[in-house]
Amino acid sequence: MSDLLSPVREMPTRSANSPLIRFERVAKRFGEVTAVDGVSLDIQEGEFFCLLGPSGCGKTTLMRMLAGFEEPDSGRVVLGGEDLAGTPPHRRPVNMMFQSYALFPHLTVTANIAFGLKQEGRRKAEIAERVAEMLRLVQLEPCATRYPHQLSGGQRQRVALARALAKRPKVLLLDEPLGALDRKLREETQFELKEMQARLGTTFLVVTHDQQEAMAMADRIAVMDRGRVVQVGSPSEIYEAPVSRFVAQFLGDVNLLEGRVRGREGELWVVEGPAAPEGLLVEGAETGLAQGQEVAVAVRPEKMVLHREPPTGWGNLLSGEVADLSYLGDWSVVRVRLDTGETVRVSRQNATRSVQAPIARRERVYVSFRPDAAVVLAP
Amino acid sequence: MTQAGREGVRAGLATRLAGAAVPALPFLWLVVFFLVPFVIVVKISLSDPASAMPPYRPLFACCGWEQVRGFIEGLDFESFETLFGDDLYVRAAASSVRIAAVSTLLLLLVGFPMAYAMARAPVRWRPALVAVVIVPFWTSFLIRVYAWIGILKPEGLLNQSLAALGIADAPLMLLNTETAVYIGIVYAYLPFMVLPLYAVLEKLDPSLLEAAEDLGAPGWRAFWSVTVPLAVPGVVAGSLLCFIPIVGEFVIPDLLGGSETLMIGRTLWAEFFSNRDWPLASAVAIVLLAILVIPIVIYRDVEARRMEGGR
């Protein structure tokens, strides 16, 4: 997988020295609830890093520990080689963009952006210059004298961003930065944020529950579940090589075919299960799996191919009939009920405007996928 | 026109009448219970005192040009002239405003921390805390003020406690002083200060304070630059809700205050019941109203701006 169109993105160049942010076995409980359960995580300078997970997975608590609004019960939070324990929020060189934006309603846009600079006791001229610079950055010069309630949702989001960036923080923390925007604006803003991060070189740490948002923006993603980090990697690593059913299902759509490990055939695992008694062949390194172990074969819908006639050639073949079809414009999703009872989803790109003899419901079809299109998941 | 069409028109008319009745009702209420009595008071203030029942004249004359003219000629501004000529009334008015202003300031000093603590208490406690603030209303206002006599008098609860604890040798002479009046007023009006403040502080988004801290403001500065300015509508509402009735307060200075505590409400009462000079008493009432119109207008203005400015 090293051709030009490889989906695996290059890792950002890492500096040889220590990471900018380091969480060391950090834990935090709220009463009976363990919000963060022994998280260790390194974030490099200049990275666009995403904490991704369902609500209640501890991602916001982890971020708030970096901002200083929560202190860890155990473990250390280190920023630029310095342990942050005991440093109050107002002394930490990080700034946060709040989910609700938390703009000061009694202050104008200008005064909101200037707030942090004023706390530093800078000279008036310097503050004015920096505010003008930030207004230019987020293209809000015409709104400088307005109050937050006079702005649209998208404008408020940009004021919040400008205010958090005004003090040139070492790390910008963004808590669900696009959560309050509508879909169209969200997509535009994703690119703007990404572009802005690349230009400023500031380390961005984003918390989100939206996998599409995380994949579109982040250099690296940490997927969290019930207080733990379950996988860290680039978006393509996480999407193409998930380490667990949870990760596979949380990021995008996936078909899980349950089965047992029969053994190895060269470079491939053989997994037998109800869907394929003769065994499915899946590419994978020879580690961690025992014969007879219960596993799932995970295949993304776009990596399955639909046929009318049984194809000749090499790969995994399943048969069944079309249960239903959904036309989504750019894609169509076909649900196929296999002869063995399971249902799989196969997506096909609508590459042409019209199709000769389109697939119909109840039609008999064959589904194939290559051994390198699937992953064996043990947990 | 068809039957159904005519019924439709009739239903539309009924809806429109009902729609007009909704704003008309409070308007009617104000006319009957405020405007009419006020006109009567104005009329009495322009009359002359008399040893009769009712103790003023002329009485309202009816039905006849001569009688109406005689009635109008009987009215004059003599009571107002007395009022502004005698410095007792001017001093009473000034003293009322001063006591009300000082009381409002004291109420703010006591009420703000209370309201702030309530607003920051755990959510499940808040209804109980609000109830605690309101509970005193279940007992008659008069009884509660009387209770303060029992507490403040020389051999009262306060002095007994102080003596028992060995803090004071001689009893504190609080009753019938202006201090007692302040204690009574702050006690009685506290809910009117706390509740509007609580309403504003409770709505305050806690992430605003976090944002201020995140941007480099230590806790106390975050409080001054975010909480306090955003509490201004509550401060104004609470202050006026206290200041306006305190200016005209009668019961508390009468029961707890001494003879030197001069308040316009007491003066009014004395003119009305002791001197039986109804025209002069009515004139005092009108001057009191005039004094209060200014803060009422400010209050209305602030409220209107808050409604507009609200998110």
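The values are calculated or read from the model by the stated rules, or taken from the named source; none is laboratory data. Remember, predicted model here, so these are calculated numbers, not experimental data. Heads up, the Cβs are rebuilt from the backbone with ideal geometry, glycines too, and the neighbour counts pull from every protein chain shown.
In table form, for the structure just shown:
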{"item": "Residue ranges of strands (runs of 3 or more DSSP E) in segment A:164-236 with at least 3 members among the hydroxyl-bearing types (Ser, Thr, Tyr), under 12 Å from the mean Cα position of the chain (by Cα) and closer than 20 Å to A:Leu135 by Cβ", "result": "none"}
{"item": "Check on B:Glu260, in a loop (DSSP other than H, G, I, E, B) and either touching a helix residue (DSSP H, G or I) at 6+ places or on another chain (Cβ under 9 Å) or more than 19 Å from B:Leu106 (Cβ to Cβ) (or both)", "result": "yes"}
{"item": "For A:Glu321: the one exception among (1) crowded, with 16+ Cβ neighbours inside 10 Å; (2) modelled with pLDDT of 90 or more; (3) in contact with a Lys or Arg (Cβ under 6 Å, 6 or more places away or on another chain); (4) not hydrophobic (A, V, I, L, M, F, W, C)", "result": "(1)"}
{"item": "Test for A:Glu302: is it surrounded by fewer than 17 Cβ atoms within 10 Å (Cβ to Cβ) and part of a strand (DSSP E or B)", "result": "no"}
{"item": "Filtered residue count, segment A:122-168, keeping only those that are of a type in the set (S, T, N, Q) and within 12 Å of chain B (Cβ to nearest Cβ)", "result": "1"}
{"item": "Unmet criterion (only one of (1) in contact with a helix residue (DSSP H, G or I) (Cβ under 7 Å, 6 or more places away or on another chain); (2) modelled with pLDDT under 90) for A:Arg345", "result": "(2)"}
{"item": "Evaluation of B:Ala212 against (1) touching a helix residue (DSSP H, G or I) at 6+ places or on another chain (Cβ under 6 Å); (2) more than 14 Å from every other protein chain (Cβ to nearest Cβ) (one fails), failing number", "result": "(2)"}
{"item": "Test: residue in segment B:60-74 that is under 35 Å from the mean Cα position of the chain (by Cα) and touching a residue at least 40 places away in the same chain (Cβ under 8 Å)", "result": "no"}
{"item": "Among residues of segment B:161-203, those that are assigned to a helix (DSSP H, G or I) and within 26 Å of B:Glu260 (Cα to Cα), counted", "result": "13"}
{"item": "Scope segment A:71-107; condition within 8 Å of chain B (Cβ to nearest Cβ) and of a type in the set (Ser, Thr, Tyr); matching residues", "result": "A:Ser100"}
{"item": "Single match in B:Ala199, B:Ala237, B:Ala222 (criterion: without any contact (Cβ under 8 Å) to a residue 40 or more places away in the chain, more than 7 Å from chain A (Cβ to nearest Cβ), more than 22 Å from A:Thr108 (Cβ to Cβ) and among the aliphatic types (A, V, I, L, M))", "result": "B:Ala199"}
{"item": "Number of positions in segment A:332-358 that are of a type in the set (Val, Ile, Thr), buried (at least 16 other Cβ atoms within 10 Å of the Cβ) and assigned to a loop (DSSP other than H, G, I, E, B)", "result": "0"}
{"item": "Enumeration of residues in segment A:123-149 that are within 19 Å of B:Ala211 (Cβ to Cβ) and loosely packed, with under 14 Cβ neighbours inside 10 Å", "result": "A:His149"}
{"item": "Top-ranked residue of segment A:73-122 - restricted to ones that are within 24 Å of the chain's Cα centre (by Cα) and in a loop (DSSP other than H, G, I, E, B), ranked as surrounded by the most Cβ atoms within 10 Å (Cβ to Cβ)", "result": "A:Tyr101"}
{"item": "Criterion: part of a helix (DSSP H, G or I) and buried (at least 19 other Cβ atoms within 10 Å of the Cβ) - qualifying residue of B:Ala285, B:Ala270", "result": "B:Ala285"}
